[in-house]
Each structure stands twice: as C-alpha cells, then as structure tokens.
Amino acid sequence: MHQRLVPGFVTDTRMETDTRIVTFANGVVVHELIVDIDDTARRVAYAVVGGSMAPKHHHASMQVLAGSEGRSRFLWTIDVTPDELAGPIGEMADQGVRIMQETLRAAPVPTDR
C-alpha cells in the first residue's frame, strides 16, 4: 500500500498475524484487524483496533466495483465512533483517495487486456 497505492501518504505497512500496522506520513499509526478479504467481490474489510488514533469503534470496507466504459469505481465505507473522530478520519480518507487517484492515473495501462 505505501509503495504502490498511496506513496507519501502511508509511509509503512506491515503484517502481524491478522493485523496490519499502518504508519501515515502525519505520524498516526493504526492497527487494522483484517476482518475479510474477498477476491471475487474485490473487497477488503477491516477494523481499527489499536494505535495512536484508535477510536471507540471503527469498521471499514474498501471495494472496487465495475464501472462504465471499462472503468472502475472505488467504494470506501467507514463507520466510526465517537462522532468527534469522523471529521479527522474523513479528512484522512479524502486525502488518501486523492493520492490513490493520482497514483492510478500515473500508472502505465496494461497492454495485455
């Protein structure tokens, strides 16, 4: 993730059993319990269970959906409490999505389609 999808926004990721440790450029570190990976649905679900910004409750999923004209749609759903963390987490998600878009737009298009 930190090398191919959101470079500069996420500076490091590593797995410890079923938990992904994610370090962001702003210094925030989160421990994400991987809840489900569904290759067929192109979906991953996770919950933040620890780290420097661990909310009372956090569950999220990311899914890539088929779009029109050979394009894809990215759906990122985040549920979080307390409400006071929705703003900061939403801002980080918005920044992450912008960097994903930039990264994917700059990537070479495969020719073996």
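Rule-based calculations on the coordinates, nothing more; no lab input. Everything numeric here is computed off the predicted structure, so don't read it as measured data. All Cβ positions, glycine included, derive from the backbone under ideal geometry; neighbour counts span all protein chains shown.
Going by the structure shown, is ALA41 over 20 Å from MET100 (Cβ atoms) and in contact (Cβ under 8 Å) with a residue 12 or more places away in the chain?
No: the conditions fail for ALA41.
Pairs needed: first member in region 50-73, closer than 21 Å to VAL35 by Cβ; second member anywhere, outside any strand (DSSP E or B) and of a type in the set (Lys, Arg); C-beta distance under 7 Å; at least 6 residues apart or different chains.
As it stands, the answer is GLN63/ARG42; VAL64/ARG42, since those pairs meet every condition given.
Filter region 50-73 down to the residues that are under 26 Å from THR23 (Cα atoms) and aliphatic (A, V, I, L, M) and list them by number. Spell out the reasoning first.
From region 50-73, those under 26 Å from THR23 (Cα atoms) are 50-64, 73; that's our starting set.
Answer for region 50-73, where residues must be under 26 Å from THR23 (Cα atoms) and aliphatic (A, V, I, L, M): MET53, ALA54, ALA60, MET62, VAL64.
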